[in-house]
Amino acid sequence: MTAVTLMTDEQLAKRLQVPVSWVKDKAKAGEIPHTFIGRHRRYTEKHFEQIVAAGNQPVRGARRRTSGRAA
């Protein structure tokens with residue numbers, strides 16, 4: 001059996017470099033994956049990877065500025 005490392009809200013927040021309140025709020029709202037061990041909310045490495053992947057944004061090309069003046 002493969003060992004699974006579990007993280008607390010605080011540990012996940014530190015890895016994501018966000019406030020603990022952000023992690024707790026998102027988990028309570030069901031916006032980030034998590035699991036419960038008894039009454040305790042925990043996160044796996046897979047959860048961490050899913051949260052990071054969900055935050056990926058497409059690369060945007062540079063926008064050209066126009067002066068707004070007629071040519």
Neighbour-limited loop hits for trypsin sites (Lys or Arg not before Pro), region 32-63 (at most 10 other Cβ within 10 Å; DSSP other than H, G, I, E, B) = Arg39, Arg60, Arg63
Can you check what the net charge comes to around Thr8, using other residues whose Cβ is under 10 Å from the Cβ of Thr8 (Lys, Arg +1; Asp, Glu -1)?
-> +1
Matching label, percent of Cα pairs over 21 Å apart computed from the structure shown, candidates [x] 29; [y] 62; [z] 40 | [z]
Cα→Cβ-extended label distance, 7 Å offset, between Val20 and Thr8, nm | 0.7 nm
Tell me the label-point distance for the pair Val59, Phe36, using the 7 Å Cα-to-Cβ offset, in nm and rounded to one decimal.
-> 4.3 nm
With a sphere of radius 15 Å drawn around the Cβ of His40, what net charge do the other residues whose Cβ falls strictly inside it have (Lys, Arg +1; Asp, Glu -1)?
-> +3
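Every read-out reported here was derived from the displayed coordinates using simple, explicitly stated rules and does not represent laboratory data. This one's a predicted model, so the numbers in the text were calculated from it and none came from an experiment. Ideal geometry is used to build each Cβ from the backbone, glycine not excepted, and the neighbour counts take in all protein chains shown.
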